[in-house]
Amino acid sequence: MKSVIFASVLLASGAVTATEFVAADNTRETKLCMAAATGTPLKMMTTIKYSGYDDRSVARGIACNDEPINFFAARYNDDERVVNRLNRFARTKANVNIIDLSQNQSGTLVIGGRAK
């Protein structure tokens, strides 16, 4: 019985793979995009604070991989609070979408940020 449980856990763990995020450069815009994709609300707040931008400038003026930062966060970050923080000052609001990770292909996503 133990071997059956172990085998099913092993198969289930191998089926789900996560996307790896890699920063394209070390600019403050890319750091904001990395925090939007992978960070907690505290990490996002801290990154904004030390970037030299304010919340409104980030929400309206930063694009991540040619996508507004709030939409980028909604696509890759499952923490709704990060998206809500960015949506406060954004012109267009983004919705959090639940993604089934088992259907995503694993791989590396290179993240680049720029000011609009």
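Protection proxy ranking, highest mean first, for peptides 78-87, 46-55, 20-29: 78-87, 46-55, 20-29, where packing is the per-residue count of other beta-carbon atoms within 10 Å, averaged. If Lys and Arg each add +1 and Asp and Glu each add -1, what is the summed charge of the other residues whose beta carbon sits under 9 Å from the beta carbon of Asp55? Computed value for this residue: +2.
Throughout, read-outs are computed from the coordinates displayed, never taken from laboratory work. None of the values given here were measured: they were computed from a predicted structure. Glycine gets a Cβ as well: all are built from the backbone with ideal geometry, and neighbour counts include every protein chain shown.
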